[in-house]
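These notes are about the structure you will find just below.
The values are calculated or read from the model by the stated rules, or taken from the named source; none is laboratory data. Treat the numbers as computed from the prediction; the structure is a model and nothing was measured. We place every Cβ from the backbone using ideal geometry, glycine too, and count neighbours over all the protein chains shown.
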Amino acid sequence: MNLDIVLRNIFREVFDDDELVISDSTSKDNVMEWDSVAHVKLVLAVEDFLNIRFSLDEVTFISSVGDFKESINKYI
Amino acid sequence: MITRTFSLENQISFAEISGDFNPLHVDPIIARRLLYGDPAVHGIHAALWAIDVWLKKNGYIVNLTSLKIEFLLPIVINQPVQYLCVDETKDSFYISILISGKKAVSIKASFLIVNSHEKIRFNSKMVKDECKEVAVSDILKVSGNVDLNVDYVLANKLFPYIVNSLSPIQISELLATTKIVGMRCPGLQSIFSSLALKFKNAASNCLQMNYDVEDFDERFSRITVNILSASASGRLYVFYRPPYKQQPSYSDMHKLVARSEFSDQRALIIGGSRGLGEVTAKLLASGGAEVAITYFRGSRDANSIVKDVTNGGGNIFSINYDVMSPLEGRNLSIENNWTPTHLYYFATPFIFDGVRGEFNNELFNKFCDYYVTGFVNAIDNCKAVGSNLKKVYYPSSVAVDTPPADMIEYSAAKAAAESICRSFNITENKTEFIFDRLPRLDTDQTASVFEVDNNDPVPHMLRIVRGMSN
């Protein structure tokens, strides 16, 4: 499984943008649409796809694609 | 592009056909204190409209085989929405409802084309049930069933092409989902987030839909509800909606101030029926001030505050006042020649109406109407009733310092109001205009489905009313 591709597809789905390009530095600060609702959708979509469940601390900590990868790597 | 708005009348018709009378959708007075400031369109109502439009354009008679709907943005009454067909094939469609180009509802379905549908005579007449309120601690125990029903006459008015093209049992099942969420599970405090259903051909002799809670995700207050009926099965995803913010009572405030601390103030509080105005009114009355609160739509809330304060021995009355009405003929009508010495101005529209990163001129003008024009008119009205105002308080916001990306219009209008205060401090030599930039305080306006850092408004307002007495 290529985590970069998994996350890219999830981000494209959540933000409804088939052309979206992401990197580890893609974050709440540089994606205007990444608000609290989008954050929940991202978290739930990642959890659903990977069959994992982040702690509340991790949900709060995650604010970039790099953070997602760091948290995911604890579970897979 | 096909556009429409949903009126309150449309909403009530949909409540009658679905049985979902949740006040978030049909009661403008209660809804103004909830998340969106106005009644929100039932998500299923909006989705059925979009499906109706698609069926009209394609002319098929279909059986759905699967359906996934996501409610991404709230739609409120009288808000223009647009229909968009994103993609379609011979056995599927993907359609959306947009608000100003942003996707509000996403609907993905697969279907089989059929020749006709069996007409079903439904057994039950839709009755208006009690809107239940299930506590978080009880949510995992919730299960039950609702009757399936379609009022064909009403359905023909609301969704004529759906009535002709979709199986009656599937229409009834979609209507049942909103009743389950809005009235039963969790009922009153619900936000319908999404659904994913699969359908099969089945005998229509069991006209009920069963539901039970599969999961509650405490991190997001998100409930997963399983549903099962003769032809449909799947999940509904629902968020707990926060209740409207109840501010502390008069007796609570009484403990915080000395009995005659504010006895020098005859305070007029514009927008005093809830939120910061309510807190300010109770604090002032606790300290011996004579207080008048104004309300626009919230007479019930204003009466409740007057009763609470009066029963506690405070001196308060309420006045109906619309800061948006023209100046002519709407001077403040205050009995017994009561004139304020102090004015507090809290009138506001719903503040979270902006789109991240975009400036909406209409929204900016709306904020200016409330925060600038309404403010200036209130001062003029005080003068018109013979008031010599000593001090005027205007609540600005830290958003002026660092405007949030979705509050550009709000921040700019608040900044404009600050300029008015500064100017009046130069030109109005008998009145002092005080404003400060308040942080995000815990009121109806700042309530959120997701956890946010809201500050207790009481210490902030106490500091302010003390400053107004000095």
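Out of B:110, B:92, B:66, B:13, report the one residue that is surrounded by fewer than 20 Cβ atoms within 10 Å (Cβ to Cβ), farther than 22 Å from residue B:241 by Cα, at pLDDT 95 or above and in contact with an Asp or Glu (Cβ under 7 Å, 6 or more places away or on another chain).
Criteria check complete, one pass: B:110.
Are there any pairs, at least 6 apart or on different chains, whose C-beta atoms fall under 7 Å, with the first in region B:207-231 and within 13 Å of another protein chain (Cβ to nearest Cβ) and free of Cβ contacts under 8 Å to residues at least 24 places away in the same chain and the second among the aromatic types (Phe, Trp, Tyr) and in a strand (DSSP E or B), and if so, which?
B:224/B:237
Restrict the check to region B:275-284 and report whether at least one residue is crowded, with 21+ Cβ neighbours inside 10 Å and in a strand (DSSP E or B).
Scanning region B:275-284 turns up no residue that is crowded, with 21+ Cβ neighbours inside 10 Å and in a strand (DSSP E or B).
Considering region B:113-140 alone, what residues qualify as being more than 28 Å from the chain's Cα centre (by Cα), closer than 17 Å to residue B:209 by Cα and in contact (Cβ under 8 Å) with a residue 40 or more places away in the chain?
B:120, B:122, B:123, B:124 - these are the residues of region B:113-140 that are more than 28 Å from the chain's Cα centre (by Cα), closer than 17 Å to residue B:209 by Cα and in contact (Cβ under 8 Å) with a residue 40 or more places away in the chain.
Could you tell me which numbered condition residue B:177 fails, if it satisfies all but one of (1) among the β-branched types (Val, Ile, Thr); (2) surrounded by fewer than 17 Cβ atoms within 10 Å (Cβ to Cβ); (3) under 24 Å from residue B:106 (Cα atoms)?
Exception for residue B:177: condition (2).
Yes/no per residue for (1) of a type in the set (A, V, I, L, M, F, W, C); (2) in the same structural domain as residue B:307 (by TED's automatic domain parsing); (3) in a strand (DSSP E or B); (4) within 30 Å of residue B:272 (Cα to Cα):
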residue	(1), (2), (3), (4)
B:198	no, no, yes, no
B:212	no, no, yes, no
B:233	no, no, yes, no
B:245	no, no, no, yes
B:258	yes, yes, no, yes
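Matching residues to (1) of a type in the set (Val, Ile, Thr); (2) free of Cβ contacts under 8 Å to residues at least 24 places away in the same chain:
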| residue | (1), (2) |
| --- | --- |
| B:378 | no, no |
| B:398 | yes, no |
| B:403 | no, yes |
| B:413 | no, no |
| B:455 | no, yes |
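Does region B:154-162 contain at least one residue that is under 24 Å from residue B:27 (Cβ atoms) and in contact with a Lys or Arg (Cβ under 7 Å, 6 or more places away or on another chain)?
no
If a residue must be assigned to a loop (DSSP other than H, G, I, E, B) and crowded, with 17+ Cβ neighbours inside 10 Å, how many such residues does region B:133-168 contain? Show your work before the answer.
Kept after step one, since they are assigned to a loop (DSSP other than H, G, I, E, B), are these residues of region B:133-168: B:134-135, B:142, B:148-151, B:159, B:167.
The next check asks that each one be crowded, with 17+ Cβ neighbours inside 10 Å; those that pass are B:134, B:142, B:148-151, B:159, B:167.
Number of matching residues: 8.
Please determine, by comparing only the residues of region B:418-467 that are within 14 Å of chain A (Cβ to nearest Cβ) and of a type in the set (Ser, Thr, Tyr), which one is surrounded by the fewest Cβ atoms within 10 Å (Cβ to Cβ).
Residues of region B:418-467 that are within 14 Å of chain A (Cβ to nearest Cβ), as a first pass: B:440, B:446-454.
Now narrow it down to the ones that are of a type in the set (Ser, Thr, Tyr): B:446, B:448.
Numbers: B:446: 17, B:448: 13.
The qualifying residue surrounded by the fewest Cβ atoms within 10 Å (Cβ to Cβ) is B:448.
Across region A:34-48, which residue is surrounded by the most Cβ atoms within 10 Å (Cβ to Cβ) among those that are in contact (Cβ under 8 Å) with a residue 24 or more places away in the chain, under 23 Å from residue B:96 (Cβ atoms) and more than 10 Å from chain B (Cβ to nearest Cβ)?
A:42
Please tell me if residue A:61 is within 14 Å of another protein chain (Cβ to nearest Cβ), over 9 Å from the mean Cα position of the chain (by Cα) and of a type in the set (Phe, Trp, Tyr).
The answer is yes for residue A:61.
Check whether at least one residue in region B:407-417 is part of a loop (DSSP other than H, G, I, E, B), modelled with pLDDT under 95 and surrounded by fewer than 18 Cβ atoms within 10 Å (Cβ to Cβ), and report yes or no.
So far as region B:407-417 goes, no, none of its residues is part of a loop (DSSP other than H, G, I, E, B), modelled with pLDDT under 95 and surrounded by fewer than 18 Cβ atoms within 10 Å (Cβ to Cβ).
Of all the strands (runs of 3 or more DSSP E) wholly in region B:1-101, which have at least 2 residues that are of a type in the set (S, T, N, Q)?
Hits in region B:1-101: B:62-71, B:81-89, B:92-99.
Pick out the one residue from B:120, B:99 that is within 14 Å of another protein chain (Cβ to nearest Cβ) and crowded, with 17+ Cβ neighbours inside 10 Å.
Matching residue, one of B:120, B:99: B:99.
If I filter region A:17-33 down to residues being β-branched (Val, Ile, Thr) and touching a helix residue (DSSP H, G or I) at 6+ places or on another chain (Cβ under 6 Å), which single residue comes out as nearest to the other protein chains (Cβ to nearest Cβ)? Show your work before the answer.
Residues of region A:17-33 that are β-branched (Val, Ile, Thr), as a first pass: A:21-22, A:26, A:31.
If we keep only those that are touching a helix residue (DSSP H, G or I) at 6+ places or on another chain (Cβ under 6 Å) too, we end up with A:22, A:26.
Values: A:22: 18, A:26: 16 Å.
Once the filter is applied, the top-ranked residue is A:26.
Tell me whether region B:252-273 contains one or more residues that are within 12 Å of residue B:306 (Cα to Cα) and surrounded by fewer than 24 Cβ atoms within 10 Å (Cβ to Cβ).
Just the residues of region B:252-273 that are within 12 Å of residue B:306 (Cα to Cα), to begin with: B:272-273.
Restricting the remaining residues to those that are surrounded by fewer than 24 Cβ atoms within 10 Å (Cβ to Cβ) gives none.
No, every residue in region B:252-273 fails to be within 12 Å of residue B:306 (Cα to Cα) and surrounded by fewer than 24 Cβ atoms within 10 Å (Cβ to Cβ).
Is it the case that residue B:396 is under 23 Å from the mean Cα position of the chain (by Cα) and part of a strand (DSSP E or B)?
Spelling it out, residue B:396 is indeed under 23 Å from the mean Cα position of the chain (by Cα) and part of a strand (DSSP E or B).
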